[in-house]
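The values are calculated or read from the model by the stated rules, or taken from the named source; none is laboratory data. All figures in this text were calculated on a predicted structure; none of them were measured in a lab. Neighbour counts are summed over all protein chains in view; Cβ atoms, including those assigned to glycine, are modelled from backbone coordinates with ideal geometry. Ligands, DNA and RNA are stripped out before the accessible areas are found, and what is left, the full protein with its side chains, is counted by its heavy atoms. Shrake-Rupley method; radii C 1.70, N 1.55, O 1.52, S 1.80 Å.
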Number of protein chains: 2
Amino acid sequence: MTSASRPRRSDATRAAILNAARERFAADGYDRTTIRAVAADARIDPAMVMRYFGSKQQLFAAAADFDLRIPAITGLPPDQVGSGLAAHFLDRWEDSDSLQVMLRSAATNEAAAEHARRIFAEQVTPAVAALEPDPEEAAALAALVAAQLIGLAMCRYVLRLPPVVAMGREELVARYGPLLESVLTSRRTGTR
Amino acid sequence: MTSASRPRRSDATRAAILNAARERFAADGYDRTTIRAVAADARIDPAMVMRYFGSKQQLFAAAADFDLRIPAITGLPPDQVGSGLAAHFLDRWEDSDSLQVMLRSAATNEAAAEHARRIFAEQVTPAVAALEPDPEEAAALAALVAAQLIGLAMCRYVLRLPPVVAMGREELVARYGPLLESVLTSRRTGTR
DNA sequence: CGTGGAAGTCAACAGGTGTTGACCGCACGG
DNA sequence: CCGTGCGGTCAACACCTGTTGACTTCCACG
């Protein structure tokens, strides 16, 4: 196994490419991001990007890989789950480009959309399943939670609707906390 | 005024271009939609698109112009406002590409995002302002309503999260009705 | 030293893009 | 009957894209 071998000289370059790629994908989405622009940001030749990552699609896959780090919501007092989730995601959005990468790219790139579905299935669904025994209902609630957070992120970071941009962190937490809570504690009451 | 003049022979072509453009923009977003593809769909020469609409950006502006047709929500009994809104938007999404045009394009095209902000200000905000006297709070509530609907649309039509796709119309109405209602009847209770 | 392989550069490719201007043909008013 | 103008076609432009392969430079090790 060579995974613990001495760090190669190229690791720094690799990381620089990945940083530049994340910024570009977050700002411009998949289609408008060019390999040449990423290379220029990282101060290297476009050919290096291909050498290290193989193709634009694989570069994107590497740049879009991230962890939502959803906190365990099982132990919290029930009236703090919603505001805790809201606060967590607001912080996560502000200090990382990863979610904007996904939102801006998934709109036009099927691989990015597939990636989003995977993150949803592997990270959001299990977290909600800890609260809801019925797996089918858990999947539905997880989807509603995702819709809440994605709607907020779209309005605040992508569309930049003025009222949403103007709201501060604590105001958003105060407004979304109860909303998320009522989603999580709701059960289907309709037909079937 | 020549607006009532005999219909020109070119009007049909113009409409064909617009139809093809809306489909392409809805399916692929702004960047990946090419003038050549639109022209091929409309069975005409790419140069005609330029002749009629001037540029790709102006073609987009023409294709993205639409009306949400938000129903008057003042007269409804308070417990039907939410489900009424949910039902209206689900129907609107299913029978028109316009909203997908906006969602897919605004992610990477600033003009499209500006267009979305205008539609929000001209159509969503006034509708909510009929229920909420304080204009600042009305803007905030309108933004939250928009976030609800955009989150749902993103998950169902763009990201295609399986649980959201699987839900039927009446299930979505049943789940989103109360949610929208609690948004509309909420007031800010936090700091300030 | 010198040699082998990794790291990085350069120039070019094949294809696609928005956009332009010169050209053609047909209907219609004189 | 002509010719004028509108609807439409064609070919080309300048540019940008992802990707490739041959080339040079540099460093570490024998």
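The table that follows gives values for the structure above.
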item	result
Among the candidates B:Ala153, B:Ala143, residue that is assigned to a helix (DSSP H, G or I) and touching a Cys at 6+ places or on another chain (Cβ under 9 Å)	B:Ala143
Residue satisfying all of: in region B:74-86; open to solvent by 20 Å² or more (accessible area, probe 1.4 Å) and at pLDDT 95 or above; farthest from B:Glu181 (Cα to Cα) among these	B:Gly84
In region B:166-192, the residues that are at the interface with chain A (Cβ under 9 Å from one of its Cβ atoms) and not in a loop (DSSP other than H, G, I, E, B)	B:Ala166, B:Glu170, B:Glu171, B:Val173, B:Ala174, B:Arg175, B:Tyr176, B:Pro178, B:Leu179, B:Ser182, B:Val183
A:Val158 vs. criteria under 16 Å from the mean Cα position of the chain (by Cα) and at the interface with another protein chain (Cβ under 8 Å from one of its Cβ atoms)	yes
A:Leu18 being within 15 Å of the chain's Cα centre (by Cα) and away from DNA strand D (no atom under 14 Å from the Cβ)	no
Criterion violated by B:Pro46 - all others in (1) within 13 Å of DNA strand D (Cβ to nearest atom); (2) of a type outside the set (Phe, Trp, Tyr); (3) within 14 Å of chain A (Cβ to nearest Cβ) satisfied	(3)
Residue within region A:81-104 that is among the β-branched types (Val, Ile, Thr) and more than 13 Å from every other protein chain (Cβ to nearest Cβ) present	yes
Within region B:157-174, tally of residues that are touching a residue at least 60 places away in the same chain (Cβ under 8 Å) and surrounded by 17 or more Cβ atoms within 10 Å (Cβ to Cβ)	4
Pairs, first more than 12 Å from B:Ala39 (Cβ to Cβ) in region B:1-25, second modelled with pLDDT of 90 or more and near DNA strand D (Cβ under 9 Å from one of its atoms), C-beta under 6 Å, six or more apart	B:Arg14/B:Tyr52
Output for region A:120-137, where each listed residue is in contact (Cβ under 8 Å) with a residue 12 or more places away in the chain and either within 15 Å of A:Pro71 (Cα to Cα) or within 9 Å of chain B (Cβ to nearest Cβ) (or both)	A:Phe120, A:Gln123, A:Val124, A:Thr125, A:Ala127, A:Val128, A:Ala129, A:Ala130, A:Leu131
Close pairs (7 angstrom Cβ cut-off, 6 or more residues apart or separate chains): more than 24 Å from B:Met102 (Cβ to Cβ) in region B:57-83, open to solvent by 50 Å² or more (accessible area, probe 1.4 Å) anywhere	B:Thr74/B:Ala130; B:Thr74/B:Leu131
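Every residue, every condition in (1) under 17 Å from A:Thr108 (Cβ atoms); (2) near DNA strand C (Cβ under 9 Å from one of its atoms); (3) at pLDDT below 95, yes or no:
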{"residue": "B:Ala20", "(1), (2), (3)": "no, no, no"}
{"residue": "B:Phe25", "(1), (2), (3)": "yes, no, no"}
{"residue": "B:Arg32", "(1), (2), (3)": "yes, yes, no"}
{"residue": "B:Lys56", "(1), (2), (3)": "yes, yes, no"}
{"residue": "B:Asp65", "(1), (2), (3)": "no, no, yes"}
